[in-house]
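Below: the structure, in structure tokens.
What follows is calculated from the coordinates using simple rules that are stated; it is not laboratory data. Keep in mind it's a predicted model, so treat the numbers as computed, not measured. Here the Cβ positions follow ideal geometry from the backbone for every residue, glycine too, while neighbour counts run over all protein chains shown.
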Amino acid sequence: MARELTTGRAQAVTPEDFNERVKRLLADKPDPRKAEPRAKGFKNSKPPKSD
């Protein structure tokens, strides 16, 4: 990151710098799209109809 905080005031952040920070934060987290499918956690109150 090129910007150093020299004062206590907020400073502008470029989109490139923001994207780099987000990539760094998310680098060690697992990919949420690869989550395993879970079984349904509820039971039906009625049995299924047999036609």
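In order along region 17-30, phi translates into HN-Hα couplings of 5, 4, 4, 5, 5, 5, 4, 5, 5, 8, 5, 9, 8, x Hz, rounded to whole numbers, per the Karplus curve 6.51 cos²θ - 1.76 cosθ + 1.60 with θ = phi - 60° and x for Gly and Pro. Taking label positions 7 Å along the Cα-Cβ direction at both Ala10 and Leu26, the computed distance is 2.3 nm, reported to one decimal.
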